[in-house]
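Undergrad: Structure below; questions to follow.
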Amino acid sequence: QVQLVESGGGLVQAGGSLRLSCAASGRTFSGYAMGWFRQAPGKEREYVAAISATGGSTYYADSVKGRFTISRDNRKNTAYLQMNSPIPEDTADYYCGGRSYFSAGTYHRDYIYWGQGTQVTVSS
């Protein structure tokens, strides 16, 4: 079992920056690929970014490529999502997911462990 807790959300101006964190506890974090997803009001949860268990491979949705960066620190059992130049369309609840594979997945169903989410609001 892995417990995930997101933090770092809040209100940010368009063009600013924000870093989300996902702290993990439980089983060995370094054995889990991680992903970030988001869900806006009235919309389905959508994929944002993913990272392999070692951090050697990263993947991004086209909508955030070049603006967001996913990373992880296995010594701190934490994954991150650096959000640069956010736009109002990035406003959503952001969730981190974990899966017990070394390779990352880009679908919601690929992940079995989830945090409670952190809210991000981007003002124009």
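The values are calculated or read from the model by the stated rules, or taken from the named source; none is laboratory data. Keep in mind it's a predicted model, so treat the numbers as computed, not measured. All Cβ positions, even for glycine, are placed from backbone atoms using ideal geometry, and neighbour counts span all protein chains on display. Heads up: the accessible areas ignore ligands, DNA and RNA and are worked out on the full protein's heavy atoms, side chains in. Shrake-Rupley method; radii C 1.70, N 1.55, O 1.52, S 1.80 Å.
Undergrad: Can you tell me, using C-alpha contacts under 8 Å and at least 6 residues apart, the relative contact order of the chain as a whole percent? Mind dumping the intermediate values first?
TA: Working: 331 pairs, mean separation 45.6, N = 124.
RCO, the chain: 37 percent.
Undergrad: Skipping prolines and chain starts, which residues have an amide H placed within reach, meaning under 5 Å, of the one on V120, given they are 5 or more residues away or on another chain?
TA: Close amide H contacts, sequence-distant or interchain: G10, A92, D93, Y94.
Undergrad: While we're here: Heavy-atom accessible area per residue, segment 1-47, 1.4 Å probe: how many Å²? Don't skip to the end; give the middle numbers.
TA: Numbers: 2480 Å² over 47 residues.
The answer is 53 Å² per residue.
Undergrad: Next up: Probe radius 1.4 Å, ligands and nucleic acids left out: which of T78, T28, T69 has the largest accessible area, and how do the rest follow? Before the final figure, lay out each step's value.
TA: Working: T78 15, T28 95, T69 70 Å².
Of T78, T28, T69, the descending order of accessible area is T28, T69, T78.
Undergrad: If you don't mind, another one. In the chain, which longest range has no trypsin sites (Lys or Arg not before Pro) that are both DSSP loop (not H, G, I, E or B) and surrounded by at most 11 other Cβ atoms within 10 Å?
TA: Working: sites that count: K43, K65, R75.
Here the longest segment lacking exposed loop sites spans 76-124.
Undergrad: Using a 7 Å offset from the Cα along the Cα-to-Cβ direction at both R45 and I87, what is the distance between the two label points in nm, to one decimal?
TA: A separation of 2.5 nm, rounded to one decimal place.
Undergrad: Computing the accessible area with a 1.4 Å probe over protein heavy atoms, can you report the carbon and sulfur percentage for the chain? Walk me through the intermediate numbers first.
TA: Details: 2940 of 6350 Å².
Its accessible area is 46 percent carbon and sulfur atoms.
Undergrad: Still on this structure: Give me D for the chain in µm² s⁻¹, whole number, from Stokes-Einstein with Rh from the Kirkwood sum over alpha-carbon pairs, 20 °C and 1.002 mPa s. Please list the in-between numbers first.
TA: Numbers: Rh = 14.0 Å.
The diffusion coefficient I find is 153 µm²/s.
Undergrad: Obtain the nm distance between the two label points defined at S17 and R109 by a simple spin-label model: each point lies 7 Å from its Cα along the Cα-to-C-beta direction.
TA: With each label point 7 Å from Cα toward Cβ, the separation is 3.8 nm.
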